[in-house]
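Data first, discussion second: the structure below is written as structure tokens.
Only the coordinates and a few stated rules stand behind these numbers; no lab work does. Everything numeric here is computed off the predicted structure, so don't read it as measured data. Here the Cβ is made from the backbone with ideal geometry for all residues, glycine too, and neighbour counts use every protein chain on show.
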Amino acid sequence: MAVVKIAGKQFVVKDGQRLNVPYLDLEIGKSLTTQDLLTGKDVVFEIIEQKRSAKVLVVKFRNKSRYLRVKGQRNKVTVVKNINSEKKEVEEPKVKVKTAVIKKSTKRTASK
């Protein structure tokens, strides 16, 4: 998991996650490299597609005066995918440690 800053906004991303970010003027298939804000490591994204987001409607209405104005807009967004997991370093195998269990005896010794 990493915290990255793309186009002035911060996003929390996981490996292989797709994001809708504000429009970036880059070609589809190109890669984008940013730094993790917490650790400073490089995070690599691939540009998947350029599209427009869902329509957002803004309505102005005044009661009893027949006043109604509706405006809408669709912002351009870029869909990126975190491909950092494919270039991840190989981790060393974890070592299992066996612990001995000491059992207490349940027999009572005769007291004198």
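Residues in segment 4-17 that are surrounded by 14 or more Cβ atoms within 10 Å (Cβ to Cβ) and assigned to a strand (DSSP E or B) were compared, and the one that is nearest to the chain's Cα centre (by Cα) is V13. Among the conditions (1) on the phi > 0 side of the Ramachandran plot; (2) surrounded by 10 or more Cβ atoms within 10 Å (Cβ to Cβ); (3) of a type outside the set (V, I, T), R74 misses just one, which is (1). Against the conditions (1) under 18 Å from L19 (Cα atoms); (2) touching a Leu at 6+ places or on another chain (Cβ under 9 Å); (3) not hydrophobic (A, V, I, L, M, F, W, C), E49 satisfies every one except (2). Of the strands (runs of 3 or more DSSP E) lying entirely inside segment 18-91, the ones with 1 or more residues being among the small types (G, A, S) are found at 31-35, 67-73.
Exactly one residue out of K5, K30, K51, K64 is within 20 Å of T78 (Cα to Cα), free of Cβ contacts under 8 Å to residues at least 24 places away in the same chain and among the basic types (K, R): that is K30.
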